[in-house]
Each structure stands twice: as C-alpha cells, then as structure tokens.
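The values are calculated or read from the model by the stated rules, or taken from the named source; none is laboratory data. From a predicted model like this one, the values you see are computed outputs, not experimental measurements. Note: ideal-geometry Cβ built from the backbone for every residue, glycine included; neighbour counts use all protein chains shown. The area values use the complete protein model at the heavy-atom level, side chains included, leaving out ligands, DNA and RNA. Shrake-Rupley method; radii C 1.70, N 1.55, O 1.52, S 1.80 Å.
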Amino acid sequence: MQGGRVSNRLFYLSIPPNIFVEAVKCASSSASSGNGWTRVIVEKPFGRDSGSSAVLTKSLKQYLTEDQIFRIDHYLGKELVENLSVLRFANLIFEPLWTRQYIRNVQIIFSEDFGTEGRGGYFDNYGIIRDIMQNHLLQILALFAMETPVSLDAEDIRNEKVKVLRSMRPLRLEDVVIGQYKSHSKGGVTYPSYTDDKTVPKDSLTPTFAAAALFIDNARWDGVPFLMKAGKALHNKGAEIRVQFRHVPGNLYNRNFGTDLDRATNELVIRVQPDEAIFLKINNKVPGLGMRLDRSNLNLHYAARYSKEIPDAYERLLLDAIEGERRLFIRSDELDAAWALFTPVLKELEEKKIIPESYPYGSRGPVGAHYLAARYNVRWGDLDIEQVAELALLFVWKSNVIKRWILAVKS
C-alpha cells in the first residue's frame, strides 16, 4: 500500500529494442507492485523477423505473463480504425456486401510527404515493410477481413484476427515492389535522396517504399486481392482504406461511361488520417434534360459532423492499458502469424540484394507499383483520371524503350 491505496504499476517501453529485456528484468525484480497489478507496454519493433520476435517474446515471458504484456500499435487506436467493426457489424447495408461476391479488391494505403529527416540510422535497420506494413497495415487488414466475433471481448476479437492471418497465402517476391526515394528539385527547392541522410550508408538497399498483393484463402475472401502500399517522401501524407466493389453486371448505363468501367465502380473510402472521413462513391444523374452521369460522394466528414476533438490514438491506448482492456493490443500468437507472412520475402529481398526502384522525392512512388496492381486488374484508387492518363503514357514510353533495346541487342 502507498498512502493507504493499492499501488499499480504501468511501464511504457519506448526505448531501443536491444534493451527491452533488461528494462523488463529490472522493473520486474525491483519495481513491481506488491499488492496491485504490473503491466508493461512494449513499443514496436517486435523483432526483425519470426526468429528474433520469438526470442523477444520468450525473453519477456521469463519476467512477465502474457496478460501483463501490452504490445502497442498506435494505428489500432485511430478513430477510423476502431470504427471499422462498427461500420461493418452495426450497419445491415454493409455486412452482406463484405464478401468476394461483391468486393473486387481492397486497398490499404499509407503515405508520408517527408523522408527519414535524420532518423535514417534507426530506419535503415528495418525498412518500410517492417516499419509500416508488417504491423500497422496488416493489423488494419485483419480487422477489416475478420469474421463476426462471438462478442466484443478482447480475446474473441483477437481470435478472429489470428484466423485471418493464418488463412493468408505466403507472400511471394513477385507480389512485392520496393522503392527508394532519390533527390528531386521542385519550385527552386532541392529535396535530398534517402542516402543523402548522413545516418544512412551510401550503398543502402533499404526500401523507403513498398507495395504488395496479399490474398486470404478462405470462403469469404478467396481470390480478392488485398493491395497495400506504404512509402516515405511521397506527394502527400495520409492513410486510407479503399474498397472497390465489382462492376454492375449488364449495366444499362455502360455507354454513358464509355470503355472505362472503373469510373462506374462503387467505392467505399475510409480515410484514417488526416481529416478523418468515410465516403461512398455512387453513380448519379447530373441534373438537366440530358442523361449525363456523374460520380458523387455520400460523405461522413468527421470535422463537420462532430464538434468534439478526436482523441489521439496513444491517449486511447494508454487508457485501455490502465483499465486492462486488451482488445486493441497484439497477442503473441497474432504477432507470430504476422511475421510468418513477411519473414520469407524479407529474407529473400536481403539475400538476393534486390535493388529498390528509384522514385523522385515528392512523387507517387515507383512505377512498378502500378504494374503490380495492373497484374491483378486493379487501379490504385488514390489516382485521379488525369494521373492515370499520365501513367498510361509512361507505360507506353517504357514499353517502347524496352522494345528498342531488344531490337538493338538482336541487331
């Protein structure tokens, strides 16, 4: 007792991972609560691959039980990520559509409009796949794709997330595109390349951009491509989930859209950050005497709808940890399943020394990401029609360059 009260202890390890275990050992032996609870929040990275993650978990469990370990992923505390299950399970119009019969593809997109900014020493040891995709984006995918849990109890929700991860097809090298930003001048300003960062080796092959196509081999999602991409030094900052529905079969209004059926596709967009919003793209008749169609948004803009400030993700998660609510924290078997998906391809990238495709600072990333999407008949939803046209011209130009090169070699 301290001052006549039960003394609880919450430790937050936002420290280099190589001293996690020593810090936990000291906290466990010297600072644990004698009559209340002791909990430890562990900030990522949770290892670099399956092996190091398993070693870390085993080491932590020498001093803590699983119930005492709170592996924090702040993206799970984002308002729109937490709203995913509400949107789906509390609205009859969405749950029947949440299946391969109606959804053509799902895109999870993360972008930052700045580079490593002097943090390259940390980042270079992990890269964008470990830093963003294996945790933040994969957690969003699992929440999006899971089956209806038995209840809102933390273990019931985490059980369903683990089932999704274990149902996923192993990621192949051909379904991954990596990139690294290079120096670029715009508006009289020169932006540095990744390797211009003094904390980064000049010959670094660490990707600052990655795109991947993943598949869930279960009855609900069989054949539906889940595309994710994440990158630094891109044209904007944001994170969103885009759900593209299938084309209307035998659409009476196809001639109004011409040959571009994607323009007629319904799309649900969940903007996680910034300027949180949910909007559904529908086809609509433009007022007038003619029959001209337009795409319109049914829009829930959080800033306009709700006057109260949206809590920071860390505020929510710290409060949950204090209250012992584990729903938004990662369980050890969930972590194992996530690493099992990415470890083989990460090892292959490093062993084969795959060279990342260069992309200019402030651009939309490597062209290879668009080839990857096109292979699965997908167009990235964060491109407008003009940008698609520009990419089409670039594809044609690259194809012609390759053709001329082949002819030159043959001659």
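Would you mention how many residues in segment 326-348 are open to solvent by 60 Å² or more (accessible area, probe 1.4 Å) and either over 23 Å from the mean Cα position of the chain (by Cα) or of a type in the set (Phe, Trp, Tyr) (or both)? Number of matching residues: 0. Of the conditions (1) within 25 Å of Asp153 (Cα to Cα); (2) of a type outside the set (Ser, Thr, Tyr); (3) under 22 Å from the mean Cα position of the chain (by Cα), Leu92 clears all except one; give me its number. If we test Leu92 against (1) within 25 Å of Asp153 (Cα to Cα); (2) of a type outside the set (Ser, Thr, Tyr); (3) under 22 Å from the mean Cα position of the chain (by Cα), just (3) comes out false.
From the list Ser29, Ser33, pick out the single residue that is exposed (fewer than 15 other Cβ atoms within 10 Å of the Cβ) and assigned to a loop (DSSP other than H, G, I, E, B). Being exposed (fewer than 15 other Cβ atoms within 10 Å of the Cβ) and assigned to a loop (DSSP other than H, G, I, E, B) holds for just one of Ser29, Ser33, which is Ser33.
Taking segment 36-53 as the range and being farther than 16 Å from Ile322 by Cα, open to solvent by less than 50 Å² (accessible area, probe 1.4 Å), part of a loop (DSSP other than H, G, I, E, B) and not aromatic (Phe, Trp, Tyr) as the test, the residues that pass are Lys44, Pro45, Gly47, Asp49. Taking the listed residues Pro366, Pro287, Pro344, the one that is out of contact with any Leu (no Cβ under 9 Å at 6 or more places or on another chain) and modelled with pLDDT of 90 or more is Pro366, with no other qualifying. Scanning segment 171-214 for residues that are within 18 Å of the chain's Cα centre (by Cα) and without any contact (Cβ under 8 Å) to a residue 12 or more places away in the chain yields a count of 0. Out of Leu280, Leu319, Leu293, Leu298, I need the residue that is surrounded by fewer than 17 Cβ atoms within 10 Å (Cβ to Cβ) and at pLDDT 85 or above. Which one? The unique qualifying residue is Leu319.
Residue-by-condition table, conditions (1) among the aliphatic types (A, V, I, L, M); (2) closer than 17 Å to Gln139 by Cα; (3) surrounded by fewer than 19 Cβ atoms within 10 Å (Cβ to Cβ):
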residue: Asn159; (1), (2), (3): no, yes, yes
residue: Arg169; (1), (2), (3): no, yes, yes
residue: Glu174; (1), (2), (3): no, no, yes
residue: His184; (1), (2), (3): no, no, yes
residue: Val200; (1), (2), (3): yes, no, no
residue: Thr206; (1), (2), (3): no, no, no
residue: Ala210; (1), (2), (3): yes, yes, no
residue: Ala213; (1), (2), (3): yes, yes, no
residue: Trp221; (1), (2), (3): no, yes, no
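Of the residues that sit in segment 100-147 and are in a loop (DSSP other than H, G, I, E, B) and touching a Ser or Thr at 6+ places or on another chain (Cβ under 9 Å), which one is farthest from Ser167 (Cα to Cα)? Step by step, filter segment 100-147, then rank; the result is Gly118.
Within segment 113-155, restricting attention to residues that are of a type in the set (D, E, K, R), open to solvent by 50 Å² or more (accessible area, probe 1.4 Å) and out of contact with any Leu (no Cβ under 9 Å at 6 or more places or on another chain), the residue that is farthest from Val345 (Cα to Cα) is Asp153. Of all residues in segment 229-266, those satisfying the criterion of being modelled with pLDDT under 85, surrounded by 15 or more Cβ atoms within 10 Å (Cβ to Cβ) and of a type outside the set (D, E, K, R) are His247, Asn256, Phe257, Ala264, Thr265.
Scanning for something in contact with a Gly (Cβ under 6 Å, 6 or more places away or on another chain), at pLDDT 90 or above and more than 26 Å from Asp382 (Cα to Cα), does segment 96-112 turn up at least one residue? No, segment 96-112 contains no residue that is in contact with a Gly (Cβ under 6 Å, 6 or more places away or on another chain), at pLDDT 90 or above and more than 26 Å from Asp382 (Cα to Cα). When we screen Leu64, Leu56 for residues that are of a type outside the set (Val, Ile, Thr) and either in a loop (DSSP other than H, G, I, E, B) or on the phi > 0 side of the Ramachandran plot (or both), the only hit is Leu64. For segment 168-190, the count of residues that are touching a strand residue (DSSP E or B) at 6+ places or on another chain (Cβ under 8 Å), under 21 Å from Ser363 (Cα atoms) and among the aromatic types (Phe, Trp, Tyr) is at least one. Does Trp380 meet the test of being outside any loop (DSSP other than H, G, I, E, B), aromatic (Phe, Trp, Tyr) and buried (at least 18 other Cβ atoms within 10 Å of the Cβ)? So Trp380 fails the test.
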